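Working notes, structure below.
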Amino acid sequence: MKTVEELSGYDKAAIIYEILGDSVAVNMFNDIPESELYKLRKHARRIRGDISIHVKKEVLGDYYFKMLSVEKYQQVSLNRNMFDFLNELDDEQLYALLSNEKPRVIALALDQVENKRRAPFLSKLNQELKTQTVLQTGSLNDIPLDTVIHMAKDLKNKASFLPAPVEFSRGGGKSVAEMLSSMSEDDAEQYLNKMKLDNPDLFADVKKYFLLFEDIIKMPEKLALEFWGDPDISLEIMAKALKEYDDETVQRIKEYLPGKKQAMFTPIGEEESLPKREIDEAKGIIKDYLQSKIDVGDMNIEDILTLQS
């Protein structure tokens, strides 16, 4: 069975002739000589077995749509560059306009926009539609000019009904990172651990924007020397933030301090009680300070995570 895309214009005319019947078709095709109508009827009988009912209905529907839209499109004006209106659409509007069109229409429209916009659009299509669109792009030169004009007017008319562009958040790694930053360290770590198992891609995206205190503890030595040795980091806050860590870890972090600060630094021993709230607050202060350095470009989050698993 043939698909609509495999039918020639003559095939479609024959299908319409057969569906309408002799009496109606003669009036509809009144500019065609009687001898040609006879040939068209014979052709319709010849291809009848190769065309499914579904395809016949699609051909007829497309024909009626074009007939009914002739008057409507007379009011649609085009510039010399017939598809320049596509460049006024953002990527979301472009997808809304074209995603439900036939592959041939999508291919023609995409061929009119910048190449950098095509791949993002195609990535959103299902594989079959994407493949058909790419294949159709290779045979656009056989579309008659009047059909191209009709397609351009049709798309421009539809584009006029698209909602205006709006700005709003669609979530993603940065939004998740912002949510995690409002949680306690323990809760954020639980979410990240589950995310790492269930959605590794999202986890990787979130880690572009979010650090746990544990990431600070594990940062590469060169950066650790620069960060922990910063005079703006309070030794009291540092001691509280390190309260839950073992002696070996605390000693390693202490060694990142300049000599004078090392002598002044006093860890909080296991025997000393400290509310969990105060520990988390101290970790938060240090994380916020690191984030401020990242925000102004003094440090890079990718460098901090280097060599970390």
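The values are calculated or read from the model by the stated rules, or taken from the named source; none is laboratory data. Here the structure is a predicted model, which is why all the values come from computation and not from measurement. As a convention, Cβ positions derive from the backbone with ideal geometry for all residues, glycine included, and neighbour counts pool all protein chains shown.
Each row is one residue, and each column tells you yes or no for (1) without any contact (Cβ under 8 Å) to a residue 60 or more places away in the chain; (2) among the acidic types (D, E); (3) under 18 Å from K276 (Cα atoms).
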| residue | (1), (2), (3) |
| --- | --- |
| G173 | yes, no, no |
| V176 | yes, no, no |
| E185 | no, yes, yes |
| A188 | yes, no, yes |
| M195 | yes, no, no |
| L202 | yes, no, no |
| K207 | no, no, no |
| F210 | yes, no, no |
| F213 | no, no, yes |
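If a residue must be more than 19 Å from N100 (Cβ to Cβ) and under 28 Å from the mean Cα position of the chain (by Cα), how many such residues does segment 138-167 contain?
Total meeting the criteria: 7.
Residue-wise test of (1) more than 15 Å from G284 (Cα to Cα); (2) at pLDDT 90 or above; (3) in contact with a strand residue (DSSP E or B) (Cβ under 8 Å, 6 or more places away or on another chain); (4) β-branched (V, I, T).
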position: E178; (1), (2), (3), (4): no, no, no, no
position: A188; (1), (2), (3), (4): no, yes, no, no
position: E214; (1), (2), (3), (4): no, yes, no, no
position: I217; (1), (2), (3), (4): no, yes, no, yes
position: P220; (1), (2), (3), (4): yes, yes, no, no
position: L225; (1), (2), (3), (4): yes, yes, no, no
position: D230; (1), (2), (3), (4): yes, yes, no, no
position: A239; (1), (2), (3), (4): no, yes, no, no
position: L242; (1), (2), (3), (4): no, yes, no, no
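For a quick check of your reading: which helices (runs of 4 or more DSSP H) sit entirely within segment 147-257 and have at least 3 residues that are among the polar types (S, T, N, Q)?
none
Among the residues of segment 182-210, which ones are touching a helix residue (DSSP H, G or I) at 6+ places or on another chain (Cβ under 7 Å) and farther than 20 Å from G171 by Cβ?
S184, E185 - these are the residues of segment 182-210 that are touching a helix residue (DSSP H, G or I) at 6+ places or on another chain (Cβ under 7 Å) and farther than 20 Å from G171 by Cβ.
Could you figure out which of (1) farther than 25 Å from D187 by Cα; (2) loosely packed, with under 12 Cβ neighbours inside 10 Å isn't true of D288?
(1)
Failed condition for I294, given (1) out of contact with any helix residue (DSSP H, G or I) (no Cβ under 6 Å at 6 or more places or on another chain); (2) without any contact (Cβ under 8 Å) to a residue 60 or more places away in the chain, with all others met?
(1)
Which of the residues belonging to segment 251-275 are buried (at least 17 other Cβ atoms within 10 Å of the Cβ) and free of Cβ contacts under 8 Å to residues at least 24 places away in the same chain?
Scanning segment 251-275 gives a single hit, K254.
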